[in-house]
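The values are calculated or read from the model by the stated rules, or taken from the named source; none is laboratory data. Note that the coordinates shown come from a computational prediction; the quantities given were computed from them, not determined experimentally. All Cβ positions, even for glycine, are placed from backbone atoms using ideal geometry, and neighbour counts span all protein chains on display.
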Amino acid sequence: MDNHYEEIQDKMALTRQNYKGPYCCFDMDSMLDKSEGQPIYKIGYYPHMREYFLESIEGYICSIEFCPWCGSQLPKSLCDEWFDTLENEYGLDLPDIPEQNKKITAEFKTDDWWKKRGL
């Protein structure tokens, strides 16, 4: 039984060491909520704002700046830039309200907008 546990631990260590995914580490990638419905884990990522967050059971969201597993500094959130760009370029000062939200182009619902601007 101990050998089986050690084999699993060795495989996990190798997987972590060789991780080349889109996030800072294997543990972040494996714990990140990628579901469309009820969250499996209470950590998420908004690609359009390049923002990682923790979410409480009550729905309170808190952005995070460092990976809880490896301690790496995460990319700077672009939340303020997202709102500023929508206001400056499209005149949308309250993009959360339905009337303005429907005017947001597809580019601003993904990470395309900040990648195109080199942010």
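Here are the numbers for this structure:
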item: Subset tally (residues that are outside any helix (DSSP H, G or I) and under 15 Å from residue 49 (Cα atoms)) for segment 92-119; result: 9
item: Residue ID - modelled with the highest pLDDT, chosen from residues in segment 46-61 that are out of contact with any helix residue (DSSP H, G or I) (no Cβ under 9 Å at 6 or more places or on another chain) and outside any loop (DSSP other than H, G, I, E, B); result: 53
item: Candidate set: segment 62-91, residues that are assigned to a helix (DSSP H, G or I) and of a type outside the set (D, E, K, R); chosen: the one surrounded by the fewest Cβ atoms within 10 Å (Cβ to Cβ); result: 88
item: Single condition residue 107 does not satisfy, out of (1) out of contact with any Phe, Trp or Tyr (no Cβ under 6 Å at 6 or more places or on another chain); (2) over 25 Å from residue 19 (Cα atoms); result: (1)
item: Filter pass, residue 83 being touching a residue at least 12 places away in the same chain (Cβ under 8 Å), of a type outside the set (D, E, K, R) and within 28 Å of residue 28 (Cβ to Cβ); result: yes
